[in-house]
1. Please give the per residue volume of the convex hull enclosing the alpha carbon atoms of the range 144-217, rounded to a whole number of Å³.
2. Taking the Cβ-Cβ separation of His203 and Val140 as r and a Förster radius of 22 Å, what is the calculated FRET efficiency to the nearest 0.05?
3. Over the range 42-186, what relative contact order in percent results from Cα pairs under 8 Å that are six or more residues apart?
4. To the nearest 20 debye, what charge dipole does the chain have about its Cα centre, counting +1 at the Cβ of each Lys and Arg and -1 at the Cβ of each Asp and Glu?
5. GNM, the chain, Cα, under 10 Å: largest mean-square fluctuation among Gly14, Gly126, Gly102?
6. Could you give the size of the charge dipole of the range 80-125 about its Cα centre, using +1 on the Cβ of each K and R and -1 on the Cβ of each D and E, expressed in debye and rounded to the nearest 20?
7. Say R0 is 25 Å: what FRET efficiency, to the nearest 0.05, do Ile105 and Met210 get from their beta-carbon distance?
8. How much of the DSSP bridge set in the chain is antiparallel, in percent, rounded to the nearest 5?
Amino acid sequence: MRIVLVGPPGAGKGTQAAFLAKNLSIPHISTGDLFRANIVQGTELGKKAKAYMDAGNLVPDEVTIGMAEDRLDQADAAEGFLLDGFPRNDHQARALDAYLTGKGIALDGVLDLEVPEDEVVKRIAGRRTCRNNSAHTFHVEYKKPQVDGVCDECGGELYQRTDDAEDKVRNRLEVYHRETEPIIDYYKQQGLVVTISALGPVHEVTQRAMEALRSDG
Ligand code: AP5
Ligand code: ZN
């Protein structure tokens with residue numbers, strides 16, 4: 001299956017993607033995680049992305065589209081993928097379509113996670129992220145690590161992402177409404193969108209997502 005996951009910052013895209021990718025045996029490709037890994041490794045790409053990310057703005061398309069396509073070109077994505085955080089604006093959506101058409105393939109669905117803004121703010125404010133791997137996320141209330149400040153998965157130090165500060169979150173939400181929400185309509189015109197509520201316990205949301213994807217495909 002080839003799926004795009006959309007939803008506001010803090011909707012639980014990364015959390016759900018980890019389970020969905022496992023259930024569907026496809027790689028979870030998060031452009032946010034790819035950027036953060038590049039920043040930790042100190043690559044040129046990471047240096048280009050850092051200031052945009054810290055401010056909660058989109059990294060320029062010239063950088064982002066190439067990185068996403070390079071990742072999609074890897075062998076494990078040949079039969080399917082779950083894209084999380086890409087595409088994020090109209091230009092990226094069209095670039096992805098052109099890339100897939102060039103390969104003779106197409107998306108199977110776009111899963112839209114719906115969460116009220118006050119819940120998103122709560123989820124982000126309490127999120128703690130692993131320094132070793134930003135896909136390892138916890139929450140001070142909803143998903144506590146066994147040892148305070150320590151990642152259950154790898155023992156790494158947990159910290160609060162720079163872009164999770166309140167003023168950055170406000171900007172990320174604005175960017176989401178302005179740049180990313182319109183791509184939902186773009187995909188609706190292609191009959192690809194399934195919208196689910198991302199409220200409730202994590203496993204219930206996963207179940208809802210799996211049912212929605214099954215009925216869509
Ligand atoms: P990115 O990393 O993609 O951030 P985001 O879209 O803002 O999403 P988040 O990672 O904040 O949240 P999430 O929806 O994954 O939620 P999570 O599962 O962690 O992008 C970061 C930046 O990178 C961008 O601002 C931009 O600068 C750049 N970037 C990335 N892609 C780009 C692109 N395509 N173009 C340009 N720039 C790009 O959950 C949040 C919290 O809630 C966690 O603590 C979790 O434990 C908790 N939680 C999850 N589900 C539940 C639940 N059901 N109940 C209770 N708590 C829950
Ligand atoms: Zn970790």
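1. Considering the Cα atoms of the range 144-217, their hull volume per residue is 147 Å³.
2. Working from the Cβ atoms, E equals 0.65.
3. RCO, the range 42-186: 28 percent.
4. Charge dipole, the chain, about its Cα centre: 300 debye, nearest 20.
5. The residue that fluctuates most here is Gly102.
6. In total the dipole reaches around 280 debye.
7. E(calc), rounded to 0.05, equals 0.70.
8. Bridges in the chain are about 30 percent antiparallel.
Every read-out reported here was derived from the displayed coordinates using simple, explicitly stated rules and does not represent laboratory data. Every value quoted in this text rests on a predicted model; they were computed, and no experiment measured them. Cβ atoms come from the backbone with ideal geometry, glycine included; neighbour counts cover every protein chain shown.
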